[in-house]
Every structure is written in C-alpha cells, then in structure tokens.
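Here the structure comes first, spelled out in structure tokens, and everything after it is commentary.
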Amino acid sequence: MSEDIEIINQNTRIEKIKNFFSNNYKKLISSFILVLLILFSYFGYQEYKKRLKLEIAEMYNQITLNEITIENTNDIEQLEKIIKEKDPIYSALSLYFIIENDLVNDKKKINNYFDIVIKSQEEKEIKNLIIYKKAMYNTGIVSENELLDILNPILKSESVWKSHALLLMADYFEHNDNLIKSKDFLKEIVNSQLVNNSIKIEAERRLKRKFSD
C-alpha cells in the first residue's frame, strides 16, 4: 500500500514539474537567453579591454622610443589620446612623458590631464603619488590655497606620501619667506607617527639649523 502511495506521489511530482515547464516555457527560455547574453557581454567586454590595453601599450612604446619635440604634433596628439583613455598605467606614463619633455605648454590643459589620470586610478597610494606630482608641477604657479587644495587629500590622510607633501609645503613657504608656516610643517613631519625616516631626519636638521634658539 505504501509503495502505491509513493508511486502516486512520484507521479504527482513529475506531473507538477511537467506543468511548470509547460506553463513557464517562454519565461525559462527568455531567462536562459538573458543569462547567455550577460555572460557573452561580460567576457566580450573583458576581451575588448585586454585588446585595448595592448593597443595603448604598443602606441605608447612606439611614440616614446623616439626623441620627440613640440613640433611632433601627431605624436603629442596620440599621447593626449592615451591620457583620455583613462588607462591606470599608460595614461599616467603619457602625462609624465609630456611634462618631462615640455611637449605641452598649456598649464590648464596639463592640470586637466592630471585630473583625468588621478580619477583613473583605483589603487589609493598610486593616486596619492599622482596628486603629489600634480602639486610639484604647480609649485610656483598657483597660490598657497590652491596648492593646499591639491594636496588636501594627502594631508588629511595617513598616506605614505603625507611626509613628502608636508615637506613640499615647508619648502614652498620657505621659498616665499614665510618661515613661521614653514616651521609648522617641519614640526608636523617630526611629530608624525607615520613618516618617511629620511624626510624626518631632514626636517629635524632644518629645524635645528634655521629655528634653534
């Protein structure tokens, strides 16, 4: 008797399953196709990014293998194009190459490129390094407040680049004959818990040499 009941229950379950597939056939097919499309799109996009990165790398290497000047407008445009691709590695390298070789004289354009490169970075300390480089580029160009605004993300963090940023500000104020503010930044370096040891020694040396009673 119990075997008969079990057979009936099994047949009932099979019938329910058949009915489910029969009633939801179109939905199931649509869901399956959607999943396939998502998978193809994901892997297709990953392949596209990989291919694009290789193209960017090849373009950068071809340009930078040769010595170029401001007259090589096509090469400069290609470097600017790489920057706008927002590649974490080659966008930054292209910007550094442009700056080191004085290929673009427009300071506003260079700062816009810095912003693009900074936003393209996901790794925090690499982003802070580029912010620091942007501040170095703008030293002597922008005002005190503008320079502090650039360095603010580093100065308010515990980044490994914080001591470098503090020393840059100390140099900036010393260069502008504001020794009081320069001293304040040097003291902050000395009193900081997370600080580059060589920078701390340099800050202590300057404090003794310039501000000892």
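The values are calculated or read from the model by the stated rules, or taken from the named source; none is laboratory data. Being a predicted model, the structure only gives us computed values, none of them experimental. For neighbour counting, all protein chains shown are included, and Cβ atoms are generated from backbone atoms with ideal geometry for every residue, glycine included.
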Just to be sure before I move on: is L167 outside any loop (DSSP other than H, G, I, E, B), under 22 Å from the mean Cα position of the chain (by Cα) and without any contact (Cβ under 8 Å) to a residue 40 or more places away in the chain in the structure I sent?
no
Could you run through segment 115-129 and say how many residues are over 22 Å from N72 (Cβ atoms) and not in a loop (DSSP other than H, G, I, E, B)?
9
Going by the structure shown, is N105 exposed (fewer than 14 other Cβ atoms within 10 Å of the Cβ), assigned by TED's automatic domain parsing to the domain that holds I56 and part of a loop (DSSP other than H, G, I, E, B)?
yes
Just checking, does segment 193-202 include any residue being surrounded by fewer than 16 Cβ atoms within 10 Å (Cβ to Cβ) and at pLDDT 90 or above?
yes
Would it be correct to say that E158 is of a type in the set (D, E) and under 19 Å from the mean Cα position of the chain (by Cα)?
yes
Return the only residue of E125, E85, E80 being surrounded by 16 or more Cβ atoms within 10 Å (Cβ to Cβ), under 16 Å from the mean Cα position of the chain (by Cα) and not polar (S, T, N, Q).
E85
Please give the number of the condition A203 fails out of (1) part of a helix (DSSP H, G or I); (2) in the same structural domain as D75 (by TED's automatic domain parsing).
(2)
